[in-house]
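Okay, so here's the structure we're looking at.
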Amino acid sequence: MAKVLVIEDVADSANLARKILTNYDHEVLVAMTGSGGLKLAIDERPDLVLLDLGLPDIDGQTLLGRLRTEAELGNTPIILCSAWPEEAARKMAHAYGFDGYISKPYKVVKFITVVDSHLGEQPDNIHDQN
Amino acid sequence: MTKTKLKLVPTSEFTFEELADAYNQTRVDYMVPMPMNAERLAEYVHVYDVDLEKSYVAINSEQTLGLCMLGLRPGISWITRLGILPIRRRMGSGEALMRRLLEVSEEIDVKQTFLEVIKGNVPAHSLFLKLNFEEFRELLILRRPPLPSVTIPVLEAQWVGKQEALELLLQRIPAQAWTNQTKSLANAENIYGLKVETKDGGRGWLVFQRTEFNLSRLMFHTENSDPIELMLEMLAHLHTKFPNLDSYTENIPVEDPHFPAFEAMGYFEVFRRIEMVRPT
């Protein structure tokens, strides 16, 4: 079980992420703004962060830079979650140094595989859940 | 399907919180959603001279269906932030909002109306063509993560404040996208600039916005010199001075001769917009 912070402003996407992660026994924290996400990340020190690019107060790229400056979060995997066209999103993830990328809308198997690969875990019952 | 009965209400009758919420709801499924909070929307309205009394929210039975905003400057208008709730699209709300803003533009003697549409947004592009907008040019949106400069500056740079930076902008040929017009930068905070000169008479300047975490609104000009070399020199100064700032700049024409310098400095294309214009 890991603590996962979801920084996502679209309620449907945040709820889906929460549902998948909870189903796989992860503890889930959700922030719907960048500033809220930064505060939760500092206060709660999650094991992994799922970060949307488009946030209402600060964009995901800028927030990533802020998260990386926090010494205690320096080794926390941060995964880019985006509905952007895949090529652009992958380019963004690579250029900015995200640890991984998940496209939206979420596909359960892909989603949990990427999450657990960055947590060093092997997802259980993956086919039953999809 | 029953045709939606629409009421168009000026955006001035709503708070920025309500407008931001409505705008974000219309964009949840966009490929580049760009949500805003009330503070960012208020800044957007100020910087781009959006007239809230001449911008509209579409309502049906008290439910907000979408909105569209109109920027106004002498002789020209700009349509922006058009968005319709996903489940209410293709029912005429977007076209009704657009037609209202075009009527408003005509009433106040606007000569040309501009807008930008993200390349690949076929429904919006088709609507704009239907309303007699014509493609004007393609614009690049560029981004660069926080990194030191890839080159060491050679020439000496003179750094200037907002007043002089705005004077530099007046040297440009007045054909900038709305977001990059001198008035937009005059309305914005934290505007600075730098100037360089070569020994053989080449000159260039770079104007930018610097905030706590970002460099943005990069505007530039070179003359009597290789545009790529001089641009690279100015970018080297900028990113040597601010290596920890995330950078982006929007609406640079695709054919701009300085673009290779941006690529060399580590900027990459995020997406493109098509700028469209309609004579009124």
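The values are calculated or read from the model by the stated rules, or taken from the named source; none is laboratory data. Keep in mind the model is a prediction, meaning the values are calculated, not measured. Please note: Cβ atoms are built from the backbone with ideal geometry, for glycine as well, and neighbour counts cover all protein chains shown. Heads up: the accessible areas ignore ligands, DNA and RNA and are worked out on the full protein's heavy atoms, side chains in. Shrake-Rupley method; radii C 1.70, N 1.55, O 1.52, S 1.80 Å.
The figures follow:
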{"item": "Whole-Å semi-axes of segment A:3-118's equivalent ellipsoid (Cα gyration tensor)", "result": "18, 17, 14"}
{"item": "Gain in span if fully extended, residue A:23 to residue A:108, counting 0.36 nm per residue against the direct Cα distance", "result": "29.5 nm"}
{"item": "All Cα pairs of segment B:1-149, percent lying beyond 22 Å", "result": "41"}
{"item": "Label-point separation in nm, residue B:186 to residue B:73, each point 7 Å along Cα→Cβ", "result": "0.9"}
{"item": "DSSP-loop GluC sites (Glu not before Pro) across segment B:7-69, with at most 10 other Cβ within 10 angstrom", "result": "B:62"}
{"item": "P(r) histogram, all alpha-carbon pairs of segment A:1-48 included - 10 Å bins from 0, percent", "result": "30, 56, 14"}
{"item": "Segment B:40-122, accessible area per residue, ligands and nucleic acids excluded (1.4 Å, Å²)", "result": "43"}
{"item": "Estimated dipole of the protein assembly as shown in Debye, rounded to 20 [Cβ of Lys and Arg +1, of Asp and Glu -1, Cα centre]", "result": "920"}
{"item": "Taking segment A:3-118 and dividing mean pair separation by its residue count, relative contact order in percent (alpha carbons under 8 Å, at least six apart)", "result": "24"}
{"item": "Cα convex hull volume per residue for segment B:233-280 (Å³)", "result": "112"}
{"item": "Among A:29, A:95, A:42 the positive-end extreme of the charge dipole of segment A:3-118 (Cβ point charges)", "result": "A:95"}
{"item": "Area hidden from solvent between B and A (accessible, protein heavy atoms only, 1.4 Å, total, Å²)", "result": "1600"}
{"item": "Taking the C-alpha atoms of chain B, convex hull volume expressed per residue in Å³", "result": "127"}
{"item": "Surface accessible to a 1.4 Å probe, per residue, for the residues of segment A:3-118, Å²", "result": "41"}
{"item": "Value of [θ]222 nm, deg cm²/dmol, for chain A, DSSP H segments ≥ 4, -39500 (n - 2.57) each, nearest 500", "result": "-14000 deg cm²/dmol"}
{"item": "Cβ neighbours within 10 Å from other chains - mean over A:52-59", "result": "6"}
{"item": "Per DSSP, loop GluC sites (Glu not before Pro) in segment B:210-265 with at most 11 further Cβ within 10 Å", "result": "B:212, B:255"}
{"item": "Percent of Cα pairs exceeding the 20 Å cut-off, where the set is segment B:202-272", "result": "23"}
{"item": "Residue-level accessible surface for residue B:48, protein heavy atoms, 1.4 Å, Å²", "result": "20"}
{"item": "Under Karplus coefficients 6.51, -1.76 and 1.60, residue-wise ³J(HN,Hα) of segment B:140-154 in Hz, glycine/proline x", "result": "9, 10, 10, 9, 8, x, x, 7, x, 4, 7, 10, 9, x, 10"}
{"item": "Separation of alpha-carbon centers, segment A:1-42 and segment A:46-81, rounded to whole Å", "result": "12"}
{"item": "Using alpha-carbon coordinates, inclination of helix A:60-69 to the longest axis of chain A, degrees", "result": "80"}
{"item": "Mean Cα-pair separation over length for segment B:192-280, i.e. relative contact order, pairs under 8 Å, 6 or more apart, %", "result": "24"}
{"item": "Cα-centred dipole magnitude for chain A, charges only on beta-carbon of K, R (+1) and D, E (-1), debye, nearest 20", "result": "260"}
{"item": "Gain in span if fully extended, residue B:152 to residue B:122, counting 0.36 nm per residue against the direct Cα distance", "result": "6.5 nm"}
{"item": "Cα-projected label distance for residue B:38 with residue B:224, points at 7 Å along beta-carbon direction, nm", "result": "5.3"}
{"item": "Distance histogram in 5 Å bins (all Cα pairs of segment B:108-161, percent per bin)", "result": "4, 11, 15, 12, 12, 8, 9, 10, 11, 6, 1"}
{"item": "Positive-end residue, chain B charge dipole about Cα centroid, Cβ charges, pick of B:230, B:184, B:19", "result": "B:19"}
{"item": "Residue list for segment B:20-40, given a label point 7 angstrom along the Cα-to-Cβ vector of residue B:52 and an amide N cut-off under 15 Å", "result": "B:20-23, B:37-40"}
{"item": "Degrees between helix A:108-119 axis and first principal axis of chain A (Cα, 0 to 90, nearest 10)", "result": "60"}
{"item": "Span per principal axis, largest first, for the Cα atoms of the protein assembly as shown (Å)", "result": "67, 62, 31"}
{"item": "Convex hull projection area averaged over all views, segment B:130-239, Cα basis, nm²", "result": "8.6"}
{"item": "Rel. contact order, % - alpha carbon contacts under 8 angstrom, at least six apart, chain B", "result": "21"}
{"item": "Portion, in percent, of the accessible area of chain A that falls on carbon or sulfur, probe 1.4 Å", "result": "47"}
{"item": "Members of segment B:249-274 that become less accessible by 30 Å² or more once partner protein chains are added (1.4 angstrom probe, chain alone as reference)", "result": "B:268, B:270"}
{"item": "Protein-protein interface of segment B:103-151, residues with accessible area decrease of at least 10 Å², isolated chain reference, 1.4 Å probe", "result": "B:143, B:145, B:146"}
{"item": "Heavy-atom accessible area order for B:210, B:273, largest first, 1.4 Å probe", "result": "B:210, B:273"}
{"item": "Cα-projected label distance for residue B:172 with residue B:199, points at 7 Å along beta-carbon direction, nm", "result": "3.2"}
